[in-house]
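Taking it in order: structure first as C-alpha coordinates, then the write-up.
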Amino acid sequence: MKYLVTGGAGFIGSAVCLHVLEELGGEVVNVDRMTYAANPLSLKRLADNPRYAHERHDIADQATMEAVLARHRPDAILHLAAETHVDRSIDGPAAFIQTNIMGTYALLQAARGYYEGLTGERRERFRFVHVSTDEVFGSLGEEGFFHEDSNYAPNSPYSASKASSDHLARAWLHTYGLPVVITNCTNNYGPRQFPEKLLPLMILNAVAGEKLPVYGDGLNVRDWLFVEDHARALVMVADRAQPGDRFMIGGGCEATNIDMVHRVCDLVDEMRPATATRRSLITRVADRPGHDRRYAADFSHIRRELGWSPRESLDSGLRKTVAWYLENTAWSDACGTDARKRRGTHG
(Lines give C-alpha, C1' and ligand atoms only; values in the text may rest on other atoms or scores of the structure.)
Protein backbone atom coordinates (compact mmCIF):
# COMPACT_ATOMS: atom_id res chain seq x y z
CA MET A 1 0.00 0.00 0.00
CA LYS A 2 1.10 3.53 -0.78
CA TYR A 3 -0.14 6.24 1.58
CA LEU A 4 -0.10 9.98 0.99
CA VAL A 5 0.26 11.54 4.45
CA THR A 6 -0.34 15.27 4.81
CA GLY A 7 1.57 16.85 7.68
CA GLY A 8 3.93 13.89 7.79
CA ALA A 9 6.77 15.82 9.44
CA GLY A 10 4.54 16.82 12.34
CA PHE A 11 3.82 14.99 15.56
CA ILE A 12 1.16 12.42 14.63
CA GLY A 13 2.12 12.43 10.95
CA SER A 14 5.71 11.41 11.65
CA ALA A 15 4.47 8.51 13.80
CA VAL A 16 2.28 7.36 10.91
CA CYS A 17 5.16 7.59 8.41
CA LEU A 18 7.50 5.62 10.67
CA HIS A 19 4.84 2.98 11.36
CA VAL A 20 4.10 2.43 7.66
CA LEU A 21 7.70 2.36 6.51
CA GLU A 22 9.44 0.58 9.37
CA GLU A 23 6.76 -1.76 10.68
CA LEU A 24 4.49 -2.45 7.71
CA GLY A 25 6.91 -2.16 4.79
CA GLY A 26 4.58 0.15 2.88
CA GLU A 27 5.24 3.32 0.89
CA VAL A 28 4.74 6.92 2.03
CA VAL A 29 4.45 10.23 0.24
CA ASN A 30 4.75 12.95 2.87
CA VAL A 31 3.19 16.28 1.90
CA ASP A 32 4.39 18.87 4.40
CA ARG A 33 5.25 22.51 3.83
CA MET A 34 7.46 22.46 6.96
CA THR A 35 5.92 25.11 9.17
CA TYR A 36 7.15 25.84 12.70
CA ALA A 37 5.83 22.54 14.13
CA ALA A 38 7.47 20.32 11.51
CA ASN A 39 10.92 19.11 12.52
CA PRO A 40 13.18 17.64 9.80
CA LEU A 41 14.88 15.46 12.41
CA SER A 42 11.62 13.60 13.02
CA LEU A 43 12.04 11.72 9.75
CA LYS A 44 15.79 12.03 9.22
CA ARG A 45 16.32 8.28 9.26
CA LEU A 46 13.88 7.88 6.36
CA ALA A 47 15.74 10.22 4.02
CA ASP A 48 17.42 7.43 2.04
CA ASN A 49 14.49 5.01 2.13
CA PRO A 50 13.41 4.31 -1.48
CA ARG A 51 9.82 3.83 -0.28
CA TYR A 52 9.65 7.37 1.14
CA ALA A 53 9.15 10.67 -0.69
CA HIS A 54 8.73 14.19 0.67
CA GLU A 55 6.74 16.78 -1.27
CA ARG A 56 7.18 20.23 0.30
CA HIS A 57 3.91 21.89 -0.63
CA ASP A 58 0.90 23.65 0.85
CA ILE A 59 -2.25 21.50 0.82
CA ALA A 60 -4.26 24.65 0.08
CA ASP A 61 -2.66 24.77 -3.40
CA GLN A 62 -5.16 22.59 -5.24
CA ALA A 63 -3.34 22.50 -8.57
CA THR A 64 -0.14 21.37 -6.91
CA MET A 65 -1.98 18.72 -4.93
CA GLU A 66 -3.58 17.44 -8.13
CA ALA A 67 -0.11 17.11 -9.66
CA VAL A 68 1.26 15.32 -6.57
CA LEU A 69 -1.60 12.80 -6.65
CA ALA A 70 -1.16 12.20 -10.38
CA ARG A 71 2.59 11.69 -9.95
CA HIS A 72 2.53 9.34 -6.96
CA ARG A 73 -0.87 7.60 -7.37
CA PRO A 74 -1.47 6.67 -3.70
CA ASP A 75 -3.89 4.01 -2.48
CA ALA A 76 -5.05 6.18 0.41
CA ILE A 77 -4.78 9.71 1.76
CA LEU A 78 -4.25 10.23 5.49
CA HIS A 79 -5.04 13.89 6.05
CA LEU A 80 -3.29 15.11 9.20
CA ALA A 81 -1.97 18.52 8.11
CA ALA A 82 -3.48 21.14 10.39
CA GLU A 83 -2.83 24.03 12.70
CA THR A 84 -3.48 22.44 16.10
CA HIS A 85 -2.46 24.56 19.08
CA VAL A 86 -5.48 26.08 20.85
CA ASP A 87 -3.50 29.00 22.29
CA ARG A 88 -2.27 29.98 18.84
CA SER A 89 -5.83 29.82 17.50
CA ILE A 90 -6.94 32.29 20.16
CA ASP A 91 -4.10 34.69 19.35
CA GLY A 92 -4.34 34.33 15.55
CA PRO A 93 -7.31 32.38 14.15
CA ALA A 94 -6.70 33.31 10.50
CA ALA A 95 -4.03 30.64 9.98
CA PHE A 96 -6.43 28.00 11.31
CA ILE A 97 -9.15 29.05 8.91
CA GLN A 98 -6.71 28.99 6.00
CA THR A 99 -5.06 25.63 6.68
CA ASN A 100 -7.76 23.63 8.43
CA ILE A 101 -10.73 24.76 6.34
CA MET A 102 -9.42 26.07 3.02
CA GLY A 103 -6.60 23.54 2.96
CA THR A 104 -8.99 20.67 3.56
CA TYR A 105 -11.31 21.98 0.85
CA ALA A 106 -8.48 22.14 -1.70
CA LEU A 107 -7.27 18.66 -0.79
CA LEU A 108 -10.78 17.20 -1.02
CA GLN A 109 -11.20 18.71 -4.47
CA ALA A 110 -7.86 17.35 -5.64
CA ALA A 111 -8.68 13.92 -4.18
CA ARG A 112 -12.09 13.95 -5.83
CA GLY A 113 -10.58 14.46 -9.27
CA TYR A 114 -7.97 11.79 -8.63
CA TYR A 115 -10.53 9.28 -7.36
CA GLU A 116 -12.82 9.82 -10.34
CA GLY A 117 -9.97 8.73 -12.61
CA LEU A 118 -9.39 5.45 -10.79
CA THR A 119 -10.83 2.17 -12.01
CA GLY A 120 -11.25 -1.41 -10.83
CA GLU A 121 -9.51 -2.60 -7.69
CA ARG A 122 -7.64 0.66 -7.17
CA ARG A 123 -10.93 2.57 -7.08
CA GLU A 124 -12.45 0.07 -4.65
CA ARG A 125 -9.44 0.27 -2.34
CA PHE A 126 -8.96 4.03 -2.22
CA ARG A 127 -9.80 5.88 1.02
CA PHE A 128 -9.58 9.47 2.19
CA VAL A 129 -9.06 9.41 5.97
CA HIS A 130 -9.85 12.77 7.54
CA VAL A 131 -8.13 12.96 10.92
CA SER A 132 -9.87 15.17 13.46
CA THR A 133 -10.19 15.73 17.19
CA ASP A 134 -12.67 15.13 20.00
CA GLU A 135 -12.53 18.87 20.71
CA VAL A 136 -15.13 19.44 17.99
CA PHE A 137 -17.74 18.09 20.42
CA GLY A 138 -17.10 20.68 23.11
CA SER A 139 -16.86 19.92 26.82
CA LEU A 140 -18.22 16.98 28.80
CA GLY A 141 -19.54 17.01 32.35
CA GLU A 142 -18.11 14.80 35.04
CA GLU A 143 -19.60 11.68 33.45
CA GLY A 144 -20.21 10.32 29.96
CA PHE A 145 -18.20 9.96 26.77
CA PHE A 146 -18.06 11.32 23.26
CA HIS A 147 -19.40 8.93 20.62
CA GLU A 148 -19.30 8.91 16.82
CA ASP A 149 -22.75 10.54 16.77
CA SER A 150 -22.11 13.19 19.44
CA ASN A 151 -23.34 16.70 18.70
CA TYR A 152 -20.87 19.32 17.54
CA ALA A 153 -20.20 22.17 19.98
CA PRO A 154 -16.70 23.60 19.34
CA ASN A 155 -15.56 26.22 21.83
CA SER A 156 -12.25 27.51 20.42
CA PRO A 157 -11.18 28.83 17.02
CA TYR A 158 -9.10 25.66 16.63
CA SER A 159 -11.95 23.25 17.34
CA ALA A 160 -14.34 25.32 15.21
CA SER A 161 -11.95 25.08 12.26
CA LYS A 162 -11.63 21.32 12.71
CA ALA A 163 -15.41 20.96 13.00
CA SER A 164 -15.75 22.85 9.73
CA SER A 165 -13.28 20.53 8.02
CA ASP A 166 -15.17 17.49 9.35
CA HIS A 167 -18.35 18.80 7.75
CA LEU A 168 -16.57 19.40 4.46
CA ALA A 169 -15.21 15.84 4.42
CA ARG A 170 -18.66 14.43 5.16
CA ALA A 171 -20.20 16.55 2.40
CA TRP A 172 -17.65 15.34 -0.18
CA LEU A 173 -18.59 11.79 0.75
CA HIS A 174 -22.33 12.27 0.39
CA THR A 175 -22.37 14.75 -2.52
CA TYR A 176 -19.51 13.50 -4.68
CA GLY A 177 -19.04 9.90 -3.52
CA LEU A 178 -15.47 10.40 -2.35
CA PRO A 179 -14.76 7.41 -0.04
CA VAL A 180 -14.17 9.41 3.13
CA VAL A 181 -13.68 8.01 6.63
CA ILE A 182 -13.53 10.44 9.57
CA THR A 183 -11.65 9.83 12.81
CA ASN A 184 -11.81 11.90 16.00
CA CYS A 185 -9.01 11.29 18.49
CA THR A 186 -8.36 12.23 22.10
CA ASN A 187 -5.24 14.05 23.37
CA ASN A 188 -2.11 12.53 21.84
CA TYR A 189 1.23 12.41 23.62
CA GLY A 190 4.57 10.79 22.90
CA PRO A 191 7.86 11.40 21.05
CA ARG A 192 8.31 14.28 18.58
CA GLN A 193 5.55 16.55 19.88
CA PHE A 194 6.28 20.27 19.48
CA PRO A 195 7.54 21.67 22.82
CA GLU A 196 4.79 24.24 23.30
CA LYS A 197 2.32 21.41 24.11
CA LEU A 198 1.78 20.33 27.72
CA LEU A 199 3.93 17.23 28.17
CA PRO A 200 7.05 18.18 26.19
CA LEU A 201 6.87 21.68 27.70
CA MET A 202 6.77 20.24 31.21
CA ILE A 203 9.52 17.69 30.52
CA LEU A 204 11.94 20.18 29.01
CA ASN A 205 11.23 22.90 31.58
CA ALA A 206 11.61 20.39 34.41
CA VAL A 207 15.01 19.28 33.14
CA ALA A 208 16.10 22.91 32.80
CA GLY A 209 14.84 23.83 36.27
CA GLU A 210 12.37 26.34 34.83
CA LYS A 211 8.81 27.11 35.91
CA LEU A 212 6.06 24.66 34.99
CA PRO A 213 3.03 26.82 34.09
CA VAL A 214 -0.36 25.19 34.63
CA TYR A 215 -3.62 26.86 33.67
CA GLY A 216 -6.18 27.56 36.41
CA ASP A 217 -6.77 24.80 38.94
CA GLY A 218 -5.23 22.17 36.64
CA LEU A 219 -8.27 19.92 36.98
CA ASN A 220 -9.22 19.88 33.30
CA VAL A 221 -9.54 16.21 32.31
CA ARG A 222 -8.30 14.66 29.09
CA ASP A 223 -8.18 11.12 27.71
CA TRP A 224 -4.52 10.50 26.84
CA LEU A 225 -3.62 8.51 23.71
CA PHE A 226 -0.05 7.41 22.98
CA VAL A 227 0.83 8.61 19.49
CA GLU A 228 2.09 5.26 18.22
CA ASP A 229 -1.20 3.62 19.19
CA HIS A 230 -2.97 6.35 17.21
CA ALA A 231 -0.74 5.76 14.18
CA ARG A 232 -1.65 2.06 14.17
CA ALA A 233 -5.33 2.93 14.34
CA LEU A 234 -5.18 5.37 11.43
CA VAL A 235 -3.49 2.91 9.10
CA MET A 236 -6.02 0.23 10.04
CA VAL A 237 -8.80 2.66 9.18
CA ALA A 238 -7.22 3.43 5.81
CA ASP A 239 -6.81 -0.26 5.04
CA ARG A 240 -10.06 -1.72 6.30
CA ALA A 241 -12.80 0.83 7.03
CA GLN A 242 -15.81 1.27 4.80
CA PRO A 243 -16.54 4.65 3.16
CA GLY A 244 -18.76 6.77 5.38
CA ASP A 245 -17.71 5.08 8.60
CA ARG A 246 -16.47 7.09 11.54
CA PHE A 247 -14.30 6.21 14.51
CA MET A 248 -13.55 7.68 17.91
CA ILE A 249 -9.95 6.85 18.83
CA GLY A 250 -9.05 7.10 22.51
CA GLY A 251 -6.46 5.90 24.95
CA GLY A 252 -8.82 4.95 27.76
CA CYS A 253 -6.55 6.94 30.09
CA GLU A 254 -8.34 9.86 31.72
CA ALA A 255 -6.23 12.17 33.88
CA THR A 256 -6.22 15.81 34.91
CA ASN A 257 -3.60 18.20 33.62
CA ILE A 258 -2.12 18.62 37.10
CA ASP A 259 -1.89 14.86 37.55
CA MET A 260 -0.02 14.59 34.27
CA VAL A 261 2.39 17.32 35.37
CA HIS A 262 2.96 15.55 38.67
CA ARG A 263 3.69 12.29 36.85
CA VAL A 264 6.17 14.05 34.56
CA CYS A 265 7.92 15.69 37.52
CA ASP A 266 8.31 12.37 39.29
CA LEU A 267 9.69 10.65 36.19
CA VAL A 268 12.18 13.44 35.52
CA ASP A 269 13.25 13.30 39.18
CA GLU A 270 13.84 9.57 38.77
CA MET A 271 15.73 9.79 35.47
CA ARG A 272 17.60 13.08 36.09
CA PRO A 273 17.89 13.46 39.88
CA ALA A 274 18.23 16.98 41.26
CA THR A 275 18.56 18.53 44.72
CA ALA A 276 14.92 19.70 44.73
CA THR A 277 11.82 17.93 43.48
CA ARG A 278 10.51 19.19 40.14
CA ARG A 279 7.03 19.54 41.64
CA SER A 280 8.35 22.67 43.37
CA LEU A 281 8.58 24.31 39.92
CA ILE A 282 4.81 24.16 39.29
CA THR A 283 3.30 27.63 38.85
CA ARG A 284 -0.40 28.40 38.43
CA VAL A 285 -1.27 30.90 35.69
CA ALA A 286 -4.57 32.50 34.68
CA ASP A 287 -6.82 30.10 32.78
CA ARG A 288 -7.22 30.56 29.06
CA PRO A 289 -10.54 31.66 27.49
CA GLY A 290 -13.04 28.91 26.74
CA HIS A 291 -10.97 26.14 28.35
CA ASP A 292 -13.03 22.94 28.01
CA ARG A 293 -13.32 21.05 31.28
CA ARG A 294 -13.31 17.42 30.20
CA TYR A 295 -12.92 15.23 27.12
CA ALA A 296 -13.30 11.45 27.00
CA ALA A 297 -14.08 9.06 24.15
CA ASP A 298 -15.89 5.77 23.79
CA PHE A 299 -13.73 3.88 21.28
CA SER A 300 -15.71 0.62 21.38
CA HIS A 301 -16.68 1.00 17.69
CA ILE A 302 -13.12 0.80 16.34
CA ARG A 303 -12.32 -1.98 18.79
CA ARG A 304 -15.34 -3.97 17.62
CA GLU A 305 -15.10 -3.26 13.88
CA LEU A 306 -11.34 -3.25 13.30
CA GLY A 307 -9.94 -5.03 16.35
CA TRP A 308 -7.88 -2.02 17.47
CA SER A 309 -7.17 -1.12 21.08
CA PRO A 310 -4.35 0.89 22.66
CA ARG A 311 -1.27 -1.06 23.68
CA GLU A 312 0.27 1.52 26.00
CA SER A 313 -0.97 2.25 29.49
CA LEU A 314 -0.55 5.78 30.81
CA ASP A 315 2.37 4.64 32.97
CA SER A 316 4.23 2.88 30.14
CA GLY A 317 3.52 5.58 27.58
CA LEU A 318 4.62 8.41 29.87
CA ARG A 319 7.81 6.61 30.79
CA LYS A 320 8.65 6.14 27.10
CA THR A 321 7.80 9.78 26.39
CA VAL A 322 9.95 11.29 29.13
CA ALA A 323 12.86 8.99 28.26
CA TRP A 324 12.63 9.97 24.59
CA TYR A 325 12.87 13.71 25.28
CA LEU A 326 15.77 13.22 27.68
CA GLU A 327 17.63 11.16 25.08
CA ASN A 328 16.85 13.41 22.07
CA THR A 329 17.91 16.89 23.07
CA ALA A 330 19.09 17.66 19.52
CA TRP A 331 15.51 17.22 18.30
CA SER A 332 14.19 19.67 20.89
CA ASP A 333 16.97 22.15 20.16
CA ALA A 334 16.02 22.05 16.47
CA CYS A 335 12.52 23.29 17.35
CA GLY A 336 14.00 26.71 18.13
CA THR A 337 14.41 28.85 21.19
CA ASP A 338 10.81 30.17 21.11
CA ALA A 339 9.16 26.75 21.26
CA ARG A 340 8.83 26.74 25.05
CA LYS A 341 7.96 30.40 25.57
CA ARG A 342 4.25 29.82 25.18
CA ARG A 343 2.61 28.56 28.34
CA GLY A 344 0.14 26.30 26.53
CA THR A 345 -1.16 23.41 28.56
CA HIS A 346 -2.70 21.47 25.70
CA GLY A 347 -6.31 20.82 24.94
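The values are calculated or read from the model by the stated rules, or taken from the named source; none is laboratory data. Note that the structure is a prediction, hence the values are computed from the model and not measured. Cβ sites come from the backbone with ideal geometry, for glycine too, and all protein chains shown count toward neighbours.
When you scan the stretch 8-35, how many residues do you find that are assigned to a loop (DSSP other than H, G, I, E, B) and either surrounded by fewer than 24 Cβ atoms within 10 Å (Cβ to Cβ) or charged (D, E, K, R) (or both)?
The total comes to 6.
Of everything in the stretch 297-313, what is in contact (Cβ under 8 Å) with a residue 40 or more places away in the chain and basic (Lys, Arg)? Give them in sequence order.
Once the filter is applied, which keeps residues that are in contact (Cβ under 8 Å) with a residue 40 or more places away in the chain and basic (Lys, Arg), the stretch 297-313 yields only 311.
Looking at 294, 319, 246, which one is under 24 Å from residue 209 (Cα atoms), among the basic types (Lys, Arg) and in contact (Cβ under 8 Å) with a residue 12 or more places away in the chain?
Just one listed residue meets the conditions, 319.
Starting from the stretch 84-99, take each residue that is assigned to a loop (DSSP other than H, G, I, E, B) and list its partners that are hydroxyl-bearing (Ser, Thr, Tyr) and modelled with pLDDT of 95 or more, counting only C-beta distances under 7 angstrom and pairs at least six apart or across chains.
84/158
Tell me which residues, restricted to the stretch 59-97, are out of contact with any strand residue (DSSP E or B) (no Cβ under 9 Å at 6 or more places or on another chain), of a type outside the set (A, V, I, L, M) and closer than 25 Å to residue 293 by Cα.
83, 85, 87, 88, 89, 91, 92, 93, 96
Mind checking which residues of the stretch 260-286 are in contact with a Lys or Arg (Cβ under 7 Å, 6 or more places away or on another chain) and either of a type in the set (Gly, Ala, Ser) or part of a strand (DSSP E or B) (or both)?
283, 285
Kindly indicate whether residue 70 is out of contact with any Pro (no Cβ under 6 Å at 6 or more places or on another chain), assigned to a helix (DSSP H, G or I) and free of Cβ contacts under 8 Å to residues at least 60 places away in the same chain.
The answer is yes for residue 70.
Run residue 4 past the list (1) of a type in the set (A, V, I, L, M); (2) assigned to a helix (DSSP H, G or I); (3) in contact with a His (Cβ under 7 Å, 6 or more places away or on another chain) and report the number of the one that doesn't hold.
In the conditions (1) of a type in the set (A, V, I, L, M); (2) assigned to a helix (DSSP H, G or I); (3) in contact with a His (Cβ under 7 Å, 6 or more places away or on another chain), residue 4 misses (2) alone.
Residue 270 passes all but one of (1) within 18 Å of residue 315 (Cβ to Cβ); (2) buried (at least 16 other Cβ atoms within 10 Å of the Cβ); which number fails?
Condition (2) is where residue 270 drops out.
More than 17 Å from the chain's Cα centre (by Cα), more than 20 Å from residue 163 (Cβ to Cβ) and either at pLDDT below 95 or not polar (S, T, N, Q) (or both): is that true of residue 69 in this structure?
Against the criterion (more than 17 Å from the chain's Cα centre (by Cα), more than 20 Å from residue 163 (Cβ to Cβ) and either at pLDDT below 95 or not polar (S, T, N, Q) (or both)), residue 69 qualifies.
So residue 142 passes all but one of these: (1) in contact (Cβ under 8 Å) with a residue 40 or more places away in the chain; (2) acidic (Asp, Glu); (3) part of a helix (DSSP H, G or I). Which condition number does it fail?
Every condition holds for residue 142 apart from (3).
Kindly evaluate residue 171 against the criterion of being farther than 26 Å from residue 229 by Cβ, modelled with pLDDT of 95 or more and within 17 Å of the chain's Cα centre (by Cα).
In short, no.
How many residues does the stretch 43-58 hold that are in contact with a Leu (Cβ under 9 Å, 6 or more places away or on another chain) and surrounded by fewer than 22 Cβ atoms within 10 Å (Cβ to Cβ)?
7
Please count how many residues of the stretch 200-219 are surrounded by fewer than 17 Cβ atoms within 10 Å (Cβ to Cβ) and closer than 18 Å to residue 291 by Cα.
Going through the stretch 200-219 one residue at a time, the tally reaches 3.
Could you say whether any residue in the stretch 246-259 is part of a helix (DSSP H, G or I) and either farther than 23 Å from residue 146 by Cα or under 19 Å from the mean Cα position of the chain (by Cα) (or both)?
Among the residues of the stretch 246-259, at least one is part of a helix (DSSP H, G or I) and either farther than 23 Å from residue 146 by Cα or under 19 Å from the mean Cα position of the chain (by Cα) (or both), which makes the answer yes.
Yes or no, residue by residue, for (1) in contact (Cβ under 8 Å) with a residue 12 or more places away in the chain; (2) of a type in the set (D, E, K, R); (3) farther than 30 Å from residue 113 by Cβ:
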| site | (1), (2), (3) |
| --- | --- |
| 196 | yes, yes, yes |
| 235 | yes, no, no |
| 241 | yes, no, no |
| 268 | yes, no, yes |
| 276 | no, no, yes |
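Report, by residue number, each residue of the stretch 90-105 that is at pLDDT below 95 and either β-branched (Val, Ile, Thr) or surrounded by 18 or more Cβ atoms within 10 Å (Cβ to Cβ) (or both).
Residue satisfying the conditions is 90 alone.
When you look at residue 86, is it of a type in the set (A, V, I, L, M), in contact with a His (Cβ under 9 Å, 6 or more places away or on another chain), closer than 27 Å to residue 334 by Cβ and modelled with pLDDT of 95 or more, yes or no?
When the stated conditions are applied, residue 86 does not pass them.
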